[in-house]
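See structure below.
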Amino acid sequence: MADRILVTGANGFVGRHLIAAAVRRGLQPIGVVRSPAGAAAVKAAGGRALAVARLSSPELRAASQGARAIVHLAMIGSERPGVTYSAVNVEGTRSIARIAIESGATPLVIFSGLGVARYGQAPRTTNRYFLSKLEAEIEVYRSGVPAVVFRPSYIVGPGDGLSTALLRDLASGVVEVPGDGRYRLQPVAVADAAEAALSAALDPPQPVGRSAHRVIDLAGPEPIAYGRFVERFADLARAYGHPADFVVRHIPVAEADRQAVAGGYRGMLPDELDCLLCDEVADAAPLADLLGRPLRPLDDAIAAAVDDVPHPQ
Ligand SMILES: NC(=O)c1ccc[n+]([C@@H]2O[C@H](COP(=O)([O-])OP(=O)(O)OC[C@H]3O[C@@H](n4cnc5c(N)ncnc54)[C@H](OP(=O)(O)O)[C@@H]3O)[C@@H](O)[C@H]2O)c1
């Protein structure tokens with residue numbers, strides 16, 4: 001019988017790619033969701049859906065019995081009224097760690113965030129989002145569950161939020177860049193992110209020291225300044241038939257911050273804007289080691305994202 005893995009947040013951007021990748025590997029992924037629309041997305045990706053009301057639901061506990069591993073993606077990047085980091089990122093992860101231990105569905109694989117290790121050292125990684133990701137990691141470490149923790153930079157590929165927003169801006173003829181655009185990111189292809197999560201689930205890397213854990217930065221092969229990323233993205237979007245005659249409008253960081261606090265800067269709440277401006281990069285070698293091959297080049301990751309979107313007539 002095919003190995004079963006449980007995936008929380010399975011109808012999200014990464015989750016959908018992960019479900020499809022698991023099916024391609026001959027696994028039986030069960031996508032944990034909380035709505036009929038979520039279940040439909042998992043089924044469309046080829047997986048089986050399990051709808052639960054909460055991440056501590058008995059149905060999830062039962063489904064994890066006999067599963068090979070759990071990949072926990074269900075977290076949030078900003079708070080909204082009634083939806084807190086504490087409830088989703090921290091308590092949710094605590095529940096999943098407990099379920100993984102009790103059911104033996106390990107390793108537990110979670111997606112944290114690149115930059116959490118610099119909390120308190122850099123202003124843009126010192127916010128409640130990064131704190132909650134740090135707390136989620138600590139829930140996993142304290143529980144003692146064998147785990148692989150990935151810390152992603154931006155994950156790029158068909159359906160990602162950054163590419164969708166940039167394509168929209170390019171079509172409008174104006175791309176706004178807060179500040180000088182020299183802050184860096186290190187985008188990783190969603191195909192590599194999905195494959196890494198599966199590799200970690202099926203063949204976990206050695207834990208470190210006396211822990212039961214391994215932490216791996218999930219960053220692509222090329223650190224790049226955001227301003228330069230916009231240009232690279234536009235070149236590829238144009239090559240794939242998207243409108244990309246545009247001007248860059250620089251706006252002061254303080255003005256972007258003001259708009260983020262006032263309700264959203266181009267859709268980004270303050271913690272989300274911090275993720276863009278945080279200037280976090282990493283050594284990508286451990287990720288390539290895990291995959292046993294070079295990482296997908298940045299241009300390939302962008303091309304996959306822009307090729308997915310229907311071209312305007
Ligand atoms: N994408 C990136 O560039 C990036 C970068 C750094 C870290 N990460 C981390 O990687 C993981 C996956 O990211 P993503 O881009 O795939 O996120 P996403 O598209 O926003 O998906 C989030 C998923 O979590 C689920 N979820 C949210 N709140 C929940 C709750 N209270 N209970 C159960 N499920 C809940 C969502 O379900 P609903 O649809 O029902 O809301 C959705 O399936 C997240 O932990 C994220 O923080 C992503």
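How high is the FRET efficiency from Ala165 to Arg25, r the C-beta distance, R0 35 Å, rounded to 0.05?
So, using R0 = 35 Å, E works out to roughly 0.65.
For the chain, what proportion of DSSP beta bridges, expressed in % and rounded to the nearest 5, is antiparallel? Don't skip to the answer; put the middle values down first.
Working: 4 of 37 bridges.
Approximately 10 percent, going by the DSSP bridge assignments.
Taking amide hydrogens as modeled 1.01 Å from N in the peptide plane, which residues meet the under 5 Å criterion relative to Asp217, leaving out close sequence neighbours?
Arg151
Modelled label-to-label distance, Lys43 and Val248, 7 Å Cα→beta-carbon offset: nm?
In this crude spin-label approximation the distance works out to 4.6 nm.
Using a ≥ b ≥ c from the Cα gyration tensor of the stretch 67-127 (square roots of the eigenvalues), is it rounded, prolate or oblate, where a/c under 1.5 gives rounded and otherwise the larger of a/b and b/c decides, a/b for prolate?
Numbers: a/c = 2.93, a/b = 1.65, b/c = 1.77.
Because a/c hits 1.5 or more and a/b fails to exceed b/c, the stretch 67-127 counts as oblate.
Give the relative contact order (percent, whole number) for the stretch 165-313; include only Cα pairs under 8 Å separated by 6+ residues.
Working: 192 pairs, mean separation 60.1, N = 149.
About 40 percent, as a whole number.
Calculate, in whole percent, how much of the Cα-Cα pair population of the chain lies beyond 38 Å. Could the numbers behind the result be given before it?
On the way: 5420 of 48828 pairs.
Counting every Cα pair in the chain, those more than 38 Å apart make up 11 percent.
Starting from the Cα gyration tensor of the stretch 218-259, take the square roots of the eigenvalues, sort them a ≥ b ≥ c, and report rounded, prolate or oblate (rounded when a/c is under 1.5, otherwise prolate if a/b is larger than b/c, else oblate). Can you show the working numbers first?
Details: a/c = 2.85, a/b = 1.27, b/c = 2.24.
Oblate.
Where both residues lie in the stretch 164-313, what percent of DSSP beta bridges are antiparallel, nearest 5?
Once the DSSP bridges in the stretch 164-313 are tallied, antiparallel ones form about 40 percent.
Once you have all Cα-Cα distances for the stretch 1-62, histogram them in 5 Å bins from zero and send the whole-percent values.
Cα pair-distance distribution for the stretch 1-62, in percent: 4, 23, 33, 22, 14, 3.
In whole Å, what is the distance between the alpha-carbon centres of the stretch 208-251 and the stretch 20-80?
Rounded to whole Å, the Cα centres lie 28 Å apart.
Tell me, what HN-Hα J-couplings in whole Hz come from the Karplus equation 6.51 cos²θ - 1.76 cosθ + 1.60 at θ = phi - 60° for each residue of the stretch 247-252, using x for Gly and Pro?
With the stated coefficients, the stretch 247-252 comes to 10, 8, 10, 7, 10, x Hz.
By how many degrees, 0 to 90 and rounded to 10, does the Cα axis of helix 298-308 deviate from the longest principal axis of the chain?
Its long axis makes an angle of about 90 degrees.
Given R₀ = 51 Å, FRET efficiency for Asp235-Arg54 by Cβ-Cβ distance, to 0.05? If you can, show how the numbers build up before the last one.
Values: r = 45 Å, r/R0 = 0.88.
Approximately 0.70, to the nearest 0.05.
Among Thr164, Thr8, which comes first, then next, by fewest other beta-carbon atoms within 10 Å? List each step's numbers first, then the result.
Details: Thr164 16, Thr8 27.
Exposure proxy ranking, most exposed first: Thr164, Thr8.
Name the shape class, rounded, prolate or oblate, that the alpha-carbon gyration tensor gives for the stretch 228-313, where a ≥ b ≥ c are the square roots of its eigenvalues, rounded holds for a/c under 1.5, and otherwise prolate holds if a/b is larger than b/c and oblate otherwise.
On the way: a/c = 2.39, a/b = 1.20, b/c = 1.98.
Here the stretch 228-313 falls in the oblate category.
In degrees from 0 to 90, rounded to the nearest 10, what is the angle of the helix 92-103 Cα long axis to the longest principal axis of the chain?
Between helix and principal axis, roughly 30 degrees.
Arrange Arg142, Arg151, Arg210 by Cβ neighbour counts within 10 Å, fewest through most, would you? Let's see the in-between values first.
Working: Arg142 10, Arg151 21, Arg210 5.
Exposure proxy ranking, most exposed first: Arg210, Arg142, Arg151.
Report, to the nearest 10°, how far helix 161-172 tilts away from the longest principal axis of the Cα atoms in the chain, using its own Cα long axis and a range of 0 to 90°.
The helix 161-172 is inclined about 20 degrees to the chain.
Per residue of the stretch 277-286, in order, report the coupling 6.51 cos²θ - 1.76 cosθ + 1.60 (Karplus, θ = phi - 60°) as ³J(HN,Hα) in whole Hz, putting x for Gly and Pro.
In residue order, the calculated couplings are 8, 6, 6, 9, 10, 8, 7, 8, 4, x Hz.
Along the stretch 81-90, what does the Karplus equation 6.51 cos²θ - 1.76 cosθ + 1.60 (θ = phi - 60°) give for ³J(HN,Hα), rounded to whole Hz, x for Gly and Pro?
Result, ordered by residue: x, x, 10, 10, 4, 4, 6, 7, 6, 8 Hz.
Where the centroid of each part is defined by its Cα atoms, how far is the stretch 101-167 from the stretch 265-313 in Å?
15 Å
How far is it, in nm, from the label point at Ile138 to the one at Gln65 when both lie 7 Å from their Cα along the line to the Cβ?
3.4 nm
Say R0 is 25 Å: what FRET efficiency, to the nearest 0.05, do Asp307 and Asp180 get from their beta-carbon distance?
Numbers: r = 30 Å, r/R0 = 1.21.
Once rounded, the FRET efficiency stands at 0.25.
Just so you know, all these numbers are worked out from the coordinates, no wet-lab data involved. Given the structure is predicted, the values throughout are model-derived calculations rather than measurements. In this analysis, Cβ positions are derived from the backbone assuming ideal geometry, glycine residues included, and neighbour counts consider all displayed protein chains.
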